Amino acid sequence: MTLESHDHAFVRFRATGRPADLADVFDATAVELRRVARHLVGTAEEADDLVQNTFLAAIEDREGFAPGEPVLPWLLGILANRARRRHA
């Protein structure tokens, strides 16, 4: 899946709530999100929890995603904010 196609998959998920579209986004972005999360929180277990928490937040705030924008930076922003809250 290309970067552009997972952006479109999230737009579809935002519109329909279809789990397969969200799964496509997860498959395309989880490795990078986990890499950044591991850097921010230290352990693999905490990184996995942070990525999971990021996707839960993205599901809950999917209307906050602007169609036409890339989804990975949006997810990274959520991840960074969640990491910061964990260590505050």
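Structure notes:
- Residue in the stretch 55-65 that is surrounded by 15 or more Cβ atoms within 10 Å (Cβ to Cβ), acidic (Asp, Glu) and touching a helix residue (DSSP H, G or I) at 6+ places or on another chain (Cβ under 9 Å) present: no
Yes/no matrix, rows are residues, columns are (1) of a type in the set (A, V, I, L, M); (2) over 11 Å from the mean Cα position of the chain (by Cα); (3) under 29 Å from Ala15 (Cα atoms):
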residue: Glu46; (1), (2), (3): no, yes, no
residue: Thr54; (1), (2), (3): no, no, yes
residue: Glu60; (1), (2), (3): no, yes, yes
residue: Gly64; (1), (2), (3): no, yes, yes
residue: Pro67; (1), (2), (3): no, yes, yes
residue: Val71; (1), (2), (3): yes, no, yes
residue: Leu76; (1), (2), (3): yes, no, yes
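- Residue in the stretch 20-30 that is part of a helix (DSSP H, G or I), among the acidic types (Asp, Glu), over 16 Å from Asn81 (Cα atoms) and under 12 Å from the mean Cα position of the chain (by Cα) present: yes
- Leading residue by the ranking (nearest to Leu76 (Cα to Cα)) among those in the stretch 1-19 that are over 12 Å from the mean Cα position of the chain (by Cα) and of a type in the set (A, V, I, L, M, F, W, C): Leu3
Taken together, the values in this text are just the output of simple stated rules run on the coordinates, not laboratory data. What you see is a predicted model; the values in this text were computed from it and never measured. Counting neighbours? That spans all protein chains shown, and the Cβs are built from the backbone with ideal geometry, glycine included.
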